[in-house]
1. Shape verdict for the stretch 533-630, please, from the Cα gyration tensor: rounded (a/c under 1.5), prolate (a/b greater than b/c) or oblate.
2. Using R₀ = 51 Å, calculate the FRET efficiency as 1/(1 + (r/R₀)^6) where r is the Cβ-Cβ separation of residue 446 and residue 664; round to 0.05.
3. Which of 344, 487 comes first, and how do the rest follow, when ranked by fewest Cβ neighbours within 10 Å?
4. What ³J(HN,Hα) values, in whole Hz, does the Karplus curve 6.51 cos²θ - 1.76 cosθ + 1.60 give for the stretch 636-641 when θ = phi - 60°, with x put for Gly and Pro?
5. Could you please rank 361, 131, placing first whichever residue has the fewest other Cβ atoms within 10 Å of its Cβ?
6. Can you list the lysines whose alpha carbon sits under 28 Å from that of residue 484, skipping same-chain ones fewer than 8 residues off?
7. Need one word for the stretch 414-536: rounded, prolate or oblate. Basis is the Cα gyration tensor (sqrt eigenvalues a ≥ b ≥ c); a/c below 1.5 gives rounded, then a/b vs b/c decides.
8. Rounded, prolate or oblate: which one fits the stretch 554-600, using the alpha carbon gyration tensor with axes a ≥ b ≥ c (rounded when a/c is under 1.5, else prolate when a/b beats b/c, else oblate)?
Amino acid sequence: MDCAEEIAVLKREVASRVGGEDRLVFNLLEGTMTVQSPPAGLAPGAVEEAVARTGMRAELLRGQAGSLSRAGRSERHGRMVLTALSGLFTVAGFLTHVWLGGGIAAALGSEGLGLGHRLPALTAVLYALAIGCGGFYVLPKAWLAARRLQPDINLLMTLAVLGAAVIGEGFEAATVTVLFSLSLTLEAWSIGRARRAVATLLNLAPPVVRLKRADHDELEVSPDQVAVGAIFIVRPGERIALDGEVVSGTSAVNQAPITGESQPAAKAPGDPVFAGTINGDGALEVRSIKPASETTLAHIIRLVRGAQAKRARSEQWVDRFARVYTPAVMALAATVAVVPPLLWGGPAFPWFYRALVLLVIACPCALVISTPVSIVAGLAASARHGVLVKGGMYLELPARIRAVVFDKTGTLTRGELEVAEVLPLSGHSEAELISRGAAMEARSDHPIARAIVSYARRQGAELEPADDLRIVQGKGATARFKGKTYWLGSHRYLEERGQETEEAHRLLEAMADTGMTVVVVGSDTHLCGLIGLRDALRPEVGRAIHELRQAGVRRLVMLTGDNAPTAKVIARSAGVDEHAAELLPQDKVAAVERLVHRYGVVAMVGDGVNDAPAMARATLGIAMGAAGSDAAIETADVALMGDDLTRIPWLVGHSRRTMRVIRQNITFSLLVKAVFVVLTFAGAATLWSAIAADMGASLLVIFNGLRLLRGAPTA
């Protein structure tokens, strides 16, 4: 299955057996057809028989898709061989006609439209062999289309070839067959190239994993045999086989196959790594955190495989157009062959020949192949750039985005608190304040505690030994340093201890107004200082917002469940047009609905479970793929595997480029048809020139579509 026309034929033939077209899902990228919710008692053999009636052959898929079956590869090879033989027989037939028939003029039919042509016997045999080889895969499908009274491309070409043969134009009949067979071979090649671009994902994960054993030896096993929690070893330069967490060793890992990042990411104990990424020059020991079937790479492969089932609007339009166009052209050709001789008299053969030319040039190959090749190439390029688009329909939408809605935490911000300000009081130093604060937080796993301890380590602070450390549940902690009692906690804990002064209250309010979460450190007698923490913006936010505005996005909005002061600070720093705070999930949905009503096409970018409903309500849902929740990723139409917001304006530009290519292909295909229709009625077109023009148009739209594999510049 290499073209949309074959999908249309399969739908017509198989749908009645499985209970309707809505139960059939086709994946042109992998050449698969899936029957969803099959009727009770439906046997695979019945589906295979229905497929056989189309002239194609089906095999029951066992295991995972991802590569062509042996029969499919054999057919592709056979198609190329037969096309080559058809060309050789055509050349041989022409040369024998020149030799036996009186020169080149006689072989080309200079007597006019094949009238009075008499082919030497050897020439006729060679042309017949050329037609047989080139039409080997076409003729059975044409016969079945005729029996079903459902004309398709194969029937159009077969009628044109047979008609040319009947009037003695053996050279043109053979040439048309060769060129049409070549166009089908090139069409299959173009789909195959796009297919291979995505299929390379299947080869990213290595076939073996080196498990670390208790005796420090290594055992090589298949990735699907590795249990969650097992430790495996990754040598320098090797691909990582499973998602995991580094337990020992440091290295720089090339994550481009998964996230699209251009620079290797530094990895140290505690850092995550992904299956399919490439280790640098350091050996790593990694703890598996997911089974092989649930890794980020496996998830990507499933999403890419499912993308082809969701067809773009332009693909659906071309299918509907071709469904009406083909029978209409056959009716027009029949009219051209019959009506003029009856109305105006004269010989019938010239009009019959023009009808054959009309059949050939009207073949919608270039038109039908123009869109799926472009969509598949666009999807493959997106995956290569760390942007997973779940279908052709979602590749078209970014081109029309008018508003983008961002969640705050984990989307515009990192989702991790960082120390933003340290304010020592009562004669204490910053180093002393951080050292004691980190010592009291060292045993806590709270995000605030982790941020303070991390900051202390980065500053090189030596943690003072804390005695009698006690956790005050929900409030803070206390400890003794050098015999004196110190405490750490929130603004509320400070009030409860009765140690808040007017100056302290003013400082705390001022820091809170800037969006900080404030931790207070004090002793039994005085306030030692304040530590302000903030969820920092992602470094690429400013660039992403700027590029979205340049791309013509009219409204940029931030929605968050966080408090109003924090939301105000983040919104101002990010540069969005408006924001709303303290929202519940249903409030986010209502806000998105208002924007959809006002702007039409709205994208929602989020990472958490609470973002999933709003993403589903938006025209286009975009998930942060690396740090995002499974619910958000599954709900979204697009996943940013590198959590890089600049990929959104890139996607807008890529989508617009894809749409330009599709429009170029459709316009060019129809223009070629229109020009040759005029030439046909003027008597200036021949069969071989018509098929050459059609093949040329097919080649041009194929290569124009494949340009998208290179990706697109940022919008």
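1. Working: a/c = 1.28, a/b = 1.08, b/c = 1.19.
Rounded, because the longest to shortest axis ratio a/c is under 1.5.
2. Working: r = 56 Å, r/R0 = 1.10.
Efficiency computed from Cβ-Cβ geometry: 0.35.
3. Taking fewest neighbouring Cβ atoms as first place, the list is 344, 487.
4. After applying 6.51 cos²θ - 1.76 cosθ + 1.60, I find 5, 8, 9, 10, 8, 5 Hz.
5. With the sparsest Cβ surroundings first, the list reads 361, 131.
6. 475
7. Working: a/c = 1.38, a/b = 1.03, b/c = 1.34.
Note, shape of the stretch 414-536 comes out rounded.
8. On the way: a/c = 3.87, a/b = 1.28, b/c = 3.03.
Oblate shape, in that a/c is at least 1.5 and b/c is the bigger or equal ratio.
Read the figures in this text as sums done on the coordinates, not as results from a lab. Owing to the predicted nature of the structure, the values given are computational and were not obtained by experimental measurement. A quick note on method: Cβ atoms are made from the backbone with ideal geometry, for glycine too, and the neighbour counts reach across all protein chains shown.
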